[in-house]
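Visitor: Dropping a structure here in structure tokens format, bear with me for questions.
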Amino acid sequence: MTDLQITLFGAGGVFIVGVFSYNKWQEYKAKKSVERAFSTDHDDVLMREGDAPAVDVQEPVLRQEPRFDAAPAAKAEPSFGAPPAAPVSDAPVHVEPSLGGGAAEPAPAPAAEPVQEVSAASEQATSLVDPLIDCLLPLSLEAPVRGDKILPVLQTLRLVGNKPVHFIGLHVNGDWEPITHGGVYTKMQGGVQLASRSTALNELEYSELVTRLRGVADEIGAEPEVPDMMEVMAEARNLHRFVAGHDAQLGVNLHTNGAPWAIATLLFALEKQGFDVRPDGRFVMPDGDGSYLFSLSTNVTLAEETTPRLTLLLDVPCVAPARDGFGAMVACAKALVGRLDATIVDDYNQALSDAALAEIAGQVQEFYQEMDAADIPAGSTRALRLFS
């Protein structure tokens with residue numbers, strides 16, 4: 001037998017093994033599909049007590065590219081099978097305070113349509129998977145699934161890079177909601193945040209997401225709809241440009257008029273002023289709702305015993321305008337001036353007059369207007385997600 005014949009026999013054997021393996025794999029996939037379709041693990045909604053509620057299954061909303069111009073065009077609000085909720089809400093750059101015949105009878109007005117109440121679950125779902133700041137990932141289910149069965153699988157896909165991934169489900173009652181134990185869902189929607197304070201979602205992260213998402217979908221019996229990478233990358237960069245352009249911390253400083261302050265004395269004065277000390281050593285002014293309005297730095301390490309300068313910092317995009325974070329910070333600074341014998345100064349130790357502070361307050365209001373125009377109000381859930 002010649003070498004050519006041996007080679008041909010070997011190639012034929014490999015081909016036969018390959019065909020056999022491929023057929024076995026197809027049989028396995030078909031078997032798994034049938035098992036999922038008829039498995040008793042699925043919650044048979046037809047066997048539940050009472051008649052199964054009619055499910056108004058709506059298709060997931062087509063993603064619209066976010067707009068971040070000062071006067072955005074009118075756009076359709078996102079919907080997940082329920083009326084949308086109203087918009088809520090590397091180290092950041094420290095922004096130095098700036099000194100610087102008869103008329104026809106009108107037709108009768110149409111009767112107002114009744115306002116449909118939005119459930120708390122639907123509002124929470126919209127905040128978790130938000131068409132404005134997330135890449136939407138629709139998942140078609142082979143059959144209704146129970147939250148108890150799929151939650152452990154979904155927990156394996158919570159982050160890609162530093163971008164959070166969330167999932168919501170269309171409940172058999174017709175509402176989109178965060179997936180919970182005891183819930184039964186006929187559709188699912190995933191979402192990965194397009195940008196954060198530090199970076200935009202990139203190609204490597206998106207490729208990792210798609211790979212892991214397909215694995216999750218296979219385990220829960222779903223078929224994912226994956227958006228085009230180039231479109232997603234363009235939206236991510238667009239959103240990150242907005243975040244980078246509005247990532248502002250506004251600070252005012254207190255400088256001692258005499259000897260440096262002893263840290264022990266400062267602690268007492270700051271507590272009297274209402275500051276809380278966080279476990280990481282930061283001083284923060286509570287807002288009454290579990291968060292804070294602004295923070296304070298002593299500008300020295302924990303080993304130092306004195307400091308001549310304090311800095312109050314307002315994370316502007318993270319505080320709602322209604323709370324007047326800048327006004328509260330200035331009022332606190334003025335109170336500490338009397339308590340500590342200090343002067344309010346800028347980063348170059350130039351005293352800040354009331355007129356200069358009022359001008360800065362006006363600039364803060366303009367900043368808030370820009371964020372409102374982009375449908376990302378300061379202090380809203382969207383803003384807190386983007387600027388966390």
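The values are calculated or read from the model by the stated rules, or taken from the named source; none is laboratory data. Predicted model only: the values in this text are computed from it and were never measured. Because the Cβ atoms are built from the backbone with ideal geometry, glycine has one as well, and the counts that use them run over all protein chains shown. These area figures cover heavy atoms from the full protein model, side chains too; ligands, DNA and RNA do not enter into them. Shrake-Rupley method; radii C 1.70, N 1.55, O 1.52, S 1.80 Å.
Visitor: Scan the range 304-324 and report the pairs whose first residue is over 15 Å from residue 252 (Cβ atoms) and whose second residue is crowded, with 16+ Cβ neighbours inside 10 Å and among the hydroxyl-bearing types (Ser, Thr, Tyr), with Cβ atoms within less than 6 Å and a gap of 6+ or a chain change.
Guide: Close Cβ pairs (under 6 Å, with a partner that is crowded, with 16+ Cβ neighbours inside 10 Å and among the hydroxyl-bearing types (Ser, Thr, Tyr)) amount to 307/298; 308/256; 321/368.
Visitor: In the range 175-189, which residues are among the small types (Gly, Ala, Ser) and crowded, with 16+ Cβ neighbours inside 10 Å?
Guide: 183
Visitor: Please identify the pairs in which a residue from the range 345-372 that is in a helix (DSSP H, G or I) has its Cβ atom under 8 Å from the Cβ atom of a residue that is open to solvent by 30 Å² or more (accessible area, probe 1.4 Å) and small (Gly, Ala, Ser), counting only partners at least 6 apart or on another chain.
Guide: 359/98; 359/100; 360/98; 363/98; 370/70
Visitor: Oh, and also: Among the residues of the range 161-174 satisfying the criterion of being under 20 Å from residue 241 (Cα atoms) and of a type outside the set (Lys, Arg), which is surrounded by the fewest Cβ atoms within 10 Å (Cβ to Cβ)?
Guide: Out of the qualifying residues, it is 162.
Visitor: Residues in the range 350-388 that are closer than 13 Å to residue 132 by Cβ and among the polar types (S, T, N, Q): how many?
Guide: Residues in the range 350-388 being closer than 13 Å to residue 132 by Cβ and among the polar types (S, T, N, Q): 2 in total.
Every residue, every condition in (1) at pLDDT below 95; (2) open to solvent by less than 20 Å² (accessible area, probe 1.4 Å), yes or no:
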{"residue": "320", "(1), (2)": "no, no"}
{"residue": "331", "(1), (2)": "no, no"}
{"residue": "345", "(1), (2)": "no, yes"}
{"residue": "349", "(1), (2)": "yes, no"}
{"residue": "363", "(1), (2)": "no, no"}
{"residue": "372", "(1), (2)": "no, no"}
{"residue": "376", "(1), (2)": "no, yes"}
